[in-house]
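Novice: Below: one structure in structure tokens.
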Amino acid sequence: MLVALTIAVSVAALALAAWCGHAAYRDQPTKDWHFIGMAVVTVLALVQLVVGIVQLARGEEPADGSVIFVSYLIGAFAAVPAAGFLSLAERTRWGSATVSAGAVVLAVLEVRLYDIWGG
């Protein structure tokens, strides 16, 4: 895995978590700007998914197994969009809190991906 990409995804996810957490603290639902932030984080996760699959296709092997690695890649890619869709259903401060929690989950999944790869 590319360590720089993993760090970029983690930092972006934590920034999104802080931003949406602040909106939840201020009793605000997710707004269009939050969805733009979610899109940026999701694109970074998509890039990481593609890079991970390309590395597997080139013959590189993660330390803990390819199936677990791909499962975590897919979960990391889906974490923020799933939280974003849930926030659309909950147009209160709890929608922002849900996105914040989803972004924290993504950051934790990034740490686990790094460990699975052999970091």
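The values are calculated or read from the model by the stated rules, or taken from the named source; none is laboratory data. No experiment lies behind these values; they were computed from the predicted model shown. Here the Cβ is made from the backbone with ideal geometry for all residues, glycine too, and neighbour counts use every protein chain on show. Ligands, DNA and RNA are excluded from the accessible area calculation, which covers all protein heavy atoms including side chains. Shrake-Rupley method; radii C 1.70, N 1.55, O 1.52, S 1.80 Å.
Novice: With angles folded into 0 to 90 degrees, how steeply does helix 32-57 sit against the dominant principal axis of the chain? Use alpha carbons for both and round to 10.
Specialist: Roughly 10 degrees between the two axes.
Novice: Local charge sum around Ala63 (other residues, Cβ-Cβ under 14 Å, Lys/Arg +1, Asp/Glu -1)? Provide the component values of the computation, followed by the final result.
Specialist: Numbers: positive: Arg112; negative: Glu60, Glu61, Asp64, Asp115.
Computed value for this residue: -3.
Novice: Starting from the Cα of Asp32, step 7 Å along the direction of its Cβ; do the same at Ala4; then give the gap between the two resulting points in nm.
Specialist: Placing both labels 7 Å along Cα→Cβ, they lie 3.4 nm apart.
Novice: Helix 93-117: angle to the longest alpha-carbon principal axis of the chain, degrees 0 to 90, nearest 10?
Specialist: The helix 93-117 is inclined about 10 degrees to the chain.
Novice: Sticking with this structure for a sec: How large is the convex hull of the C-alpha atoms of the chain per residue, in Å³? Provide the component values of the computation, followed by the final result.
Specialist: Details: hull volume 9.2 nm³, N = 119.
It is 77 Å³ per residue.
Novice: Going by accessible area, probe 1.4 Å, with all protein chains left in place, what is the ranking of Phe69, Phe77, Phe85, largest first?
Specialist: On the way: Phe69 0, Phe77 65, Phe85 145 Å².
So the residues, ranked largest to smallest area, are Phe85, Phe77, Phe69.
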